[in-house]
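Undergrad: Quick one: the structure is below, questions incoming.
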Amino acid sequence: MKKIKCIIVDDEPLAISLLTSYVDKIPFLELVFSSENPILAMEYIRNNGADLIFLDIQMPEISGINFMKIVGSELKYILTTAYSEYALEGYEHNVIDYLLKPISFGRFEKSALKAQERFAVHDTVSKSYFFIKSSGQQHKINFADILYIESIKDYVNIKTENQEFIILETLKSLETQLPENFVRVHKSFILNRDKIEKADVRNVLLNSGKEIPIGETYKSEFFLKLKK
């Protein structure tokens, strides 16, 4: 199973430092971003995505509950707070666990294992295909058949070798469901690495003849993944 990309959002620097040290001890967790500012965290998620958020509920700018309402249930959450009365409301969202401060490493590890189990079930179910709803029908799409996925405003176009499917979804949400051979190369494109014919610093040419631009933000990670 690939590492779970996680984010820490807490308005207390000491809390971030503690959780960071805990994450570093868990081999299947990868901390990709942390911030005292929930607005900056939202911006990071919008541009890069993530799998799991360790989220403080009581913050001055935006509460954790409102944060989840804005970001949505595409990501999974482990809530952290010193106030137990928020637990019930938190579980109405896509919450894996609830950690009451002060948080011990043992309790944190149990929570991380819950997250690993949740993601492992997801990976097992969708390891070679997934189902999407398009034109009022459910369609089974094999990952191996996908050429690329393109964002078109509030929709995405999943392009296979023989068909295309327009669905009401976001690239960020789909990215968490795709296996490791899919790579984000642009704010509007995810492509299947197995379908690449050639690439230069500006564009990728797929074996179907489709040319896809490489965004500056994604360039370094893209070429690193090509070497794997």
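Undergrad: For a quick protection proxy, order the peptides 134-140, 147-153 by their average other-Cβ count within 10 Å, most packed first.
TA: Highest to lowest by the protection proxy: 147-153, 134-140.
Undergrad: As a test of the formula, what do you get for the chain when each DSSP H run with n ≥ 4 contributes -39,500 (n - 2.57) and the sum is divided by the residue count, at 222 nm and rounded to the nearest 500 deg cm²/dmol?
TA: On the way: 7 runs with 70 residues, N = 228.
Using -39500 (n - 2.57) per qualifying helix, the result is -9000 deg cm²/dmol.
Undergrad: Below 8 Å between Cα atoms, with a sequence gap of 6+, how large is the relative contact order for the range 4-125 in percent?
TA: Reported relative contact order: 22 percent.
Undergrad: Once you charge only the Cβ atoms, +1 for Lys and Arg and -1 for Asp and Glu, what is the size of the charge dipole of the chain about its Cα centre, to the nearest 20 debye? Spell out each step's value before the answer.
TA: Numbers: 29 positive and 32 negative charges, 164 e Å.
The calculated dipole for the chain is roughly 780 debye.
Undergrad: Turning to a different aspect of this structure: Working from the alpha-carbon coordinates of the range 126-215, get Rg over Rh, Rh being the Kirkwood radius.
TA: On the way: Rg = 12.4 Å, Rh = 13.2 Å.
With Rg and the Kirkwood Rh in hand, the quotient comes to 0.94.
Undergrad: By its C-alpha gyration tensor, with a ≥ b ≥ c as the square roots of the eigenvalues, how is the range 4-125 shaped: rounded for a/c under 1.5, else prolate for a/b larger than b/c, else oblate? Write out the running numbers ahead of the final one.
TA: Values: a/c = 1.24, a/b = 1.13, b/c = 1.10.
Rounded is the answer for the range 4-125, as its axis ratio a/c remains below 1.5.
Undergrad: In percent, how large is the relative contact order of the chain, given Cα pairs closer than 8 Å and 6 or more residues apart?
TA: Numbers: 364 pairs, mean separation 26.3, N = 228.
The value is 12 percent.
Undergrad: What dipole magnitude, in Debye to the nearest 20, does the range 129-226 give about its Cα centre under +1 on Lys/Arg Cβ and -1 on Asp/Glu Cβ? Walk me through the intermediate numbers first.
TA: Working: 14 positive and 14 negative charges, 21 e Å.
About 100 debye.
Undergrad: Oh, and also: Using Cα-Cα distances under 8 Å and only pairs 6 or more residues apart, what relative contact order does the range 176-228 have, in percent?
TA: Once divided by the residue count of the range 176-228, the mean separation gives 30 percent.
Undergrad: Would you list the P(r) distribution for the chain, with all Cα-Cα distances sorted into 10 Å bins from 0 and each bin expressed as a whole %?
TA: 7, 31, 32, 21, 8, 1
Undergrad: Anything over 19 Å Cα to Cα? Flag those among LYS5/LYS195; LYS76/LYS153; LYS76/LYS110; LYS3/LYS69, in the order listed.
TA: LYS5/LYS195; LYS76/LYS153; LYS3/LYS69
Every read-out reported here was derived from the displayed coordinates using simple, explicitly stated rules and does not represent laboratory data. Please read all numbers here as calculations on a predicted model, not as lab measurements. Here Cβ is always computed from backbone atoms with ideal geometry, including for glycine, and neighbour counts include all displayed protein chains.
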